[in-house]
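Structure first, commentary second.
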Amino acid sequence: MPATSESLNRTYILYATKWLHFCLNDDIRTNGALDDGPLGNRTVDKASKVQTNGMAVSVREVSQDSVMDLRVEMLDQTQCQFIKFSALGRGFVRVFEFGDPNPFGYGILQTKYDPDAIVEFYCRPSCSGLAQEAFAAFVIASGAKEVLAQSNMPELFGLMQENAAKLETRSILFCDARESALECSATIRPVKKGEAIFEHFGEPVGSWCAEVEGKIVATAGYLTHYNPPYADVFMEVEASWRNMGIGSCLVPEVMKVIRQEGLVPAARCNPDNEASRRTLEKAGFEVCGEYVSGLL
């Protein structure tokens, strides 16, 4: 599997985190209690301290800049593609900090597309014993109703398993496992400007294509708005050319380009899309996790 040096990875993380420009400065406006349930019956007072099992955990809504260092720590420990990485930079989130006067963690609640969903959670390893209490306090202070977590990011995923209900797998996650070079009757090449391309229904038109008898029958490309150095591969094959191995020949070429640019290929597919899963595995990917939702 292609390797990326630790120093290069951290440089990417620092660069990517510093360009995020979301900023919120309002105080927490939540006062109330959770009904009896997975998180129990816990209350939040006006000082934004949540009483959980006899322990008061401070939670406050802050600007993105306030959790910059903590987020860099989290990303530095994340050795996989983070699906919800760009939500913070796009601005449709609320940011919360745990601990006062010495913050030990943070959480992020998404406000658009998946409203009221917890998409990020981190406690410093030295304070991991407070994770459950901080999570409970975060849920109350933010009014969260859902959790979105990856099984290959164990902190939030473990808390979701303990506290959420009706868990549902949304995507299968793939990581780069090997180089692949399959024989193929199609010509794999870059897409030329102005070329006629079949109508796409599930994915954008990619910058690489598979051509058969002068006709483009598949396109593929990659997106880089996830946590560096990961690049997310996408592909679509024209309906009449599916199940012929075209995608399994096209995707490895895109993966090769990604590696040449110093990035790491990643991918995902719907859990019920067996054809896409087989294509990705033949191309050199392997399953490395699941993207799961759960109700609070």
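Observations on the model:
- The residue list 231, 239, 267 contains one member that is out of contact with any Cys (no Cβ under 8 Å at 6 or more places or on another chain), closer than 29 Å to residue 164 by Cβ and either among the aliphatic types (A, V, I, L, M) or buried (at least 21 other Cβ atoms within 10 Å of the Cβ) (or both), which is 267.
- Search result, residues across the range 210-253 that are more than 27 Å from residue 88 (Cβ to Cβ), assigned to a strand (DSSP E or B) and either aliphatic (A, V, I, L, M) or in contact (Cβ under 8 Å) with a residue 12 or more places away in the chain (or both): 210, 211, 212, 216, 217, 218, 219, 220, 235, 236, 237
- Out of 110, 132, 150, sole residue that is polar (S, T, N, Q), surrounded by 14 or more Cβ atoms within 10 Å (Cβ to Cβ), within 24 Å of residue 58 (Cα to Cα) and in contact with a strand residue (DSSP E or B) (Cβ under 6 Å, 6 or more places away or on another chain): 110
- Evaluation of residue 166 against (1) surrounded by fewer than 19 Cβ atoms within 10 Å (Cβ to Cβ); (2) under 15 Å from residue 217 (Cβ atoms); (3) in contact with a strand residue (DSSP E or B) (Cβ under 7 Å, 6 or more places away or on another chain); (4) in contact (Cβ under 8 Å) with a residue 24 or more places away in the chain (one fails), failing number: (2)
- When 265, 271 are screened for being touching a strand residue (DSSP E or B) at 6+ places or on another chain (Cβ under 8 Å), under 22 Å from residue 170 (Cβ atoms) and part of a loop (DSSP other than H, G, I, E, B), only 271 passes.
- Subset of the range 256-296 that is within 20 Å of the chain's Cα centre (by Cα) and β-branched (Val, Ile, Thr) - its residue that is farthest from residue 181 (Cα to Cα): 292
- Some residue of the range 81-100 being touching a His at 6+ places or on another chain (Cβ under 7 Å) and in a loop (DSSP other than H, G, I, E, B): yes
- Condition check for residue 244: surrounded by 21 or more Cβ atoms within 10 Å (Cβ to Cβ) and of a type outside the set (Asp, Glu): no
- Residue within the range 77-99 that is acidic (Asp, Glu), farther than 20 Å from residue 293 by Cβ and modelled with pLDDT under 95 present: no
The values are calculated or read from the model by the stated rules, or taken from the named source; none is laboratory data. From a predicted model like this one, the values you see are computed outputs, not experimental measurements. So basically every Cβ, Gly included, is an ideal-geometry build from the backbone, and we count neighbours across all protein chains shown.
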